[in-house]
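Contents: one structure, followed by commentary.
The values are calculated or read from the model by the stated rules, or taken from the named source; none is laboratory data. These numbers come from a predicted model, not from an experiment. Positions of Cβ are backbone-derived with ideal geometry, glycine not excepted, and every protein chain shown enters the neighbour counts. SASA here: full protein model, heavy atoms, side chains in, ligands and nucleic acids out. Shrake-Rupley method; radii C 1.70, N 1.55, O 1.52, S 1.80 Å.
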Amino acid sequence: MAKHQTPLLDQLETGPWPSFVSDIKQEAAHRAANPDGVDYQIPVDCPSDLLGVLELSFKDKETHWKHGGIVGVFGYGGGVIGRYCDQPEMFPGVAHFHTVRLAQPSGKYYTADYLRGIMDIWDLRGSGLTNMHGSTGDIVLLGTTTPQLEEIFFDVTHKMNTDLGGSGGNLRTPADCLGQSRCEFACYDTQDLCHTLTNDYQDELHRPAFPYKFKFKFDGCPNGCVASIARSDFSVIGTWKSDIRIDQDRVKAYVAGEFKPGGGSHAGRDWGKFDIVKEVVDRCPTGCMSYDGAKLSIDNANCTRCMHCINTMPAAVKIGEETGASILLGAKAPILDGAQMSSLLVPFVVVEKPYDEIKEVIENIWDWWMEEGKNRERVGETMKRLSFQKLLEVTNIKAMPQHVKEPRSNPYIFFKEEEVPGGFEHDEAAYRQRHMR
Amino acid sequence: MPSEKEQVLEFLTGKTGKSKFYFSDFCKIFPDKKQREVKKVLTELVNEGKLEFWSSGSTTMYGMTGAGKQKAEED
Ligand code: SF4
Ligand code: SF4
């Protein structure tokens, strides 16, 4: 028998998709039965009360959570988000319901043993409910009490060799796509870069001193599997400089139907025979491809590396050999001024250990943003407020055509007087002799 | 001349009405210092247990350990 009646939540279970309500009910039943004899350190009916308070919020159309607090582990400024229920008498199981963020492994590779280890800790000391993964990428453990925090921290660091993730005004847990470990499109080793920067910037991750949050994300190629361009302040996206490699025999094999386009994806219905002109050449966003019936050609200077041809015919068309990454800055969600994608800052950087070139860009940006950024201002907003040109100055990057987003509408690169031969001064009288008013 | 840590604590006790401060508020005590140096002072005070972090989840502030009304609710 459920502890609380939840008719509104029950309705959510009737849709076509798996429901989080069913998941929470399952955990509530599991904890009540306790088949493994766990010595639960927080109220057993925490998941039941979670359902109860959620039902009440649906009824009242108001949240019953209070947000924020001093909770955390000693010396860390992030990783734990305090949450309290404002109806603790009605729902004692969720009077405290703090979130713990753990840094996920690069590329999100787990062993079953590791996941069991995390769950053993979390069943004992938390609600047993998780969110795999939060938007930043963290392993999110949902719901525990203040006295359990140091215990959880001790256990995850000592038994699982796992650290807390980021929250608050600091570097958030960096996230990456699985990159070269499995993907032939990867233009650099995303996992190594992500792991290295996570270790190198521990202080920025755990001891907040930024105006607001700051996220790194690493995509191995423009397919953007971790959506760095939309979801990180500092987006590193793999790219290449040299020509796309084409195997003309295999192009013919695609045309002849020997290879399935798109690696066999979208096979749920019959799209007819593969048409290279319609499906690849005509879909190239810059129109830089052509196919004469026998040979596929690419005008590489006009390719924007959108990945479409490569995704469609991966066996025949491959990324260029000279690979690296582009760095973009300033994506954010729509709290102020609407959502914003990152803007291109460094068109091409070779991604090589020990990544000093990338770190230099990062640190110059941080120094500037910490000095000039307002409280609760993302770096993308600082960039907009103080101009992209200012950002170029503080990062010692020269303006180049790739920085111009919309030529002739608002090219936001301006010349300064000292950069112009002869300056801005001109002889008005002499000018007027040549040009009448 | 009081030490840097004393200056921070003085600032925190002198102010009335507020118990939590942004990092940038502390930078104003030391206008000639780089942020990284200010951060070192604060980190030491946190490690000594004199300051503590307060976080809403999205922003972080610093306050004297035990100050503010939040503390009472958490005990
Ligand atoms: S972003 Fe590119 S390299 Fe990374 S997994 Fe996706 S397709 Fe592969
Ligand atoms: S990657 Fe995109 S832009 Fe480049 S040739 Fe292929 S389809 Fe065209």
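So what is the calculated 222 nm ellipticity per residue for chain B, using -39500 (n - 2.57) for each DSSP H run with n of 4 or more, over all residues, to the nearest 500 deg cm²/dmol? The partial results should precede the final answer.
On the way: 4 runs with 34 residues, N = 75.
Using -39500 (n - 2.57) per qualifying helix, the result is -12500 deg cm²/dmol.
Let me confirm one metric for peptide A:68-81, namely the mean number of other chain beta-carbon atoms within 10 Å of its residues' beta-carbons.
On the way: counts 10, 10, 15, 5, 5, 0, 4, 6, 3, 11, 4, 1, 3, 4.
That works out to 6 on average.
Among rounded, prolate and oblate, which fits the protein assembly as shown when a ≥ b ≥ c are the square roots of the eigenvalues of its C-alpha gyration tensor, a/c under 1.5 means rounded, and a/b larger than b/c means prolate?
Values: a/c = 2.18, a/b = 1.22, b/c = 1.78.
Oblate shape, in that a/c is at least 1.5 and b/c is the bigger or equal ratio.
So how strong a dipole does chain A carry about its Cα centre when Lys and Arg Cβ are +1 and Asp and Glu Cβ are -1, to the nearest 20 debye?
1160
Taking the DSSP bridge list for the stretch A:93-235 and keeping only pairs wholly inside it, about 65 percent are antiparallel. What do you get for the angle between helix B:4-14 and the principal long axis of chain B? Use alpha-carbon atoms, 0 to 90 degrees, nearest ten. Value to nearest ten degrees: 50.
Computed FRET efficiency, Cβ-Cβ of A:Glu62 and A:Met119, R0 25 Å: what is it to the nearest 0.05? Kindly include the intermediate steps, with their values, before the conclusion.
On the way: r = 33 Å, r/R0 = 1.31.
After rounding to 0.05, the efficiency reads 0.15.
Loop-located GluC sites (Glu not before Pro) in the stretch B:1-50 (DSSP state not H, G, I, E or B) with no more than 15 neighbouring Cβ atoms inside 10 Å: B:Glu48. Take the cross-link list A:Lys59/A:Lys108; A:Lys215/A:Lys390; A:Lys374/A:Lys405; A:Lys359/B:Lys50 and give me the ones stretching past 30 Å between alpha-carbons. Correct reply: A:Lys59/A:Lys108; A:Lys359/B:Lys50.
So what is the diffusion coefficient of the stretch A:27-176 in µm² per second by Stokes-Einstein at 37 °C and 0.692 mPa s, using a Kirkwood Rh over Cα pairs? Don't jump to the answer; show the numbers that get you there.
On the way: Rh = 15.8 Å.
After rounding, the answer is 207 µm²/s.
In square angstrom and rounded to 100, what buried accessible area do you get between chains B and A, total over both, with the probe at 1.4 Å?
Values: alone 5370 and 23600 Å², together 26490 Å².
Buried area between the two chains comes out at roughly 2500 Å².
Qualifying trypsin sites (Lys or Arg not before Pro) in the stretch A:262-364, where qualification requires a DSSP coil assignment and no more than 14 other C-beta atoms within 10 Å, comprise A:Arg269, A:Lys273, A:Lys295.
In terms of the Cα gyration tensor, with a ≥ b ≥ c the square roots of its eigenvalues, is the stretch A:308-385 rounded because a/c is under 1.5, prolate because a/b exceeds b/c, or oblate?
Judged from the Cα gyration tensor, the stretch A:308-385 comes out oblate (a/c at least 1.5, b/c at or above a/b).
Other residues within the sphere of radius under 15 Å centred on the Cβ of A:Asp356, judged by their own Cβ, net out at -4 (K and R +1, D and E -1). Relative contact order, percent, of chain A when contacts are C-alpha pairs under 8 Å separated by at least 6 residues? Relative contact order comes out at 11 percent.
Which whole-number percent is the relative contact order of the stretch A:7-158 (Cα, under 8 Å, 6+ apart)?
Values: 223 pairs, mean separation 32.5, N = 152.
Computed over the stretch A:7-158, the figure is 21 percent.
Within 10 Å of the Cβ of each residue in A:163-175, the mean number of Cβ atoms contributed by other protein chains is 2.
Against the longest alpha carbon principal axis of chain B, how many degrees, from 0 to 90 and to the nearest 10, is the axis of helix B:35-47 turned? Once rounded, the angle reads 50 degrees. Helix A:190-200 and the long axis of chain A differ in direction by around 70°, with both axes built from C-alpha atoms. Summary of packing: across the peptides A:171-181, A:210-220, A:415-425, A:115-125, the per-residue average of other C-beta atoms within 10 Å ranks them, highest first, as A:210-220, A:171-181, A:115-125, A:415-425. Peptide A:204-214 has a mean of 5 when you count, residue by residue, the C-beta atoms of other protein chains within 10 Å of its C-beta.
Suppose the chain between A:Asn302 and A:Val44 were pulled fully straight at 0.36 nm per residue; how much longer would it get relative to their current alpha carbon spacing?
Numbers: separation 258, 0.36 × 258 = 92.88 nm, distance 6.16 nm.
Length gained, A:Asn302 through A:Val44: 86.7 nm.
Report which residues of the stretch B:12-56 become buried by 50 Å² or more of accessible surface when going from the isolated chain to the complete set of protein chains (1.4 Å probe; DNA, RNA and ligands ignored). When all protein chains are present, B:Tyr22, B:Gln35, B:Arg36, B:Lys39, B:Phe53, B:Ser55 each give up 50 Å² or more of accessible surface.
Extending 7 Å from the Cα toward the beta-carbon at both A:Met160 and A:Thr286 defines two label points whose distance is 4.4 nm. Ligands, DNA and RNA left out, the accessible area of the protein assembly as shown computed with a 1.4 Å probe is 52% carbon and sulfur.
Relative contact order of the stretch A:245-318: 44 percent, from C-alpha pairs under 8 Å at least 6 residues apart in sequence.
Just check the stretch B:4-65 against the gyration tensor rule for me: Cα atoms, a ≥ b ≥ c as the square roots of the eigenvalues, rounded for a/c under 1.5, and otherwise prolate or oblate depending on whether a/b exceeds b/c. In terms of gyration-tensor shape, rounded.
Among the cysteines of the protein assembly as shown, those with no neighbouring cysteine Cβ under 4.7 Å are A:Cys46, A:Cys85, A:Cys183, A:Cys187, A:Cys194, A:Cys221, A:Cys284, A:Cys288, A:Cys303, A:Cys306, A:Cys309, B:Cys27. Entry note, chain A: the mean residue ellipticity at 222 nm calculated from DSSP H runs of n ≥ 4, each adding -39500 (n - 2.57), is -9000 deg cm²/dmol after division by the residues and rounding to the nearest 500. Which residues in the stretch A:267-305 place their backbone N less than 14 Å from a point set 7 Å from the Cα of A:Lys252 along the Cα-to-Cβ direction? Hits in the stretch A:267-305 for A:Lys252 at 14 Å: A:292-296. Solvent-accessible area per residue in the protein assembly as shown equals 52 Å², computed with a 1.4 angstrom probe and all protein chains kept. Sorting A:Met341, A:Met383, A:Met436, A:Met400 on solvent-accessible area from highest to lowest, probe radius 1.4 Å, gives A:Met436, A:Met341, A:Met400, A:Met383.
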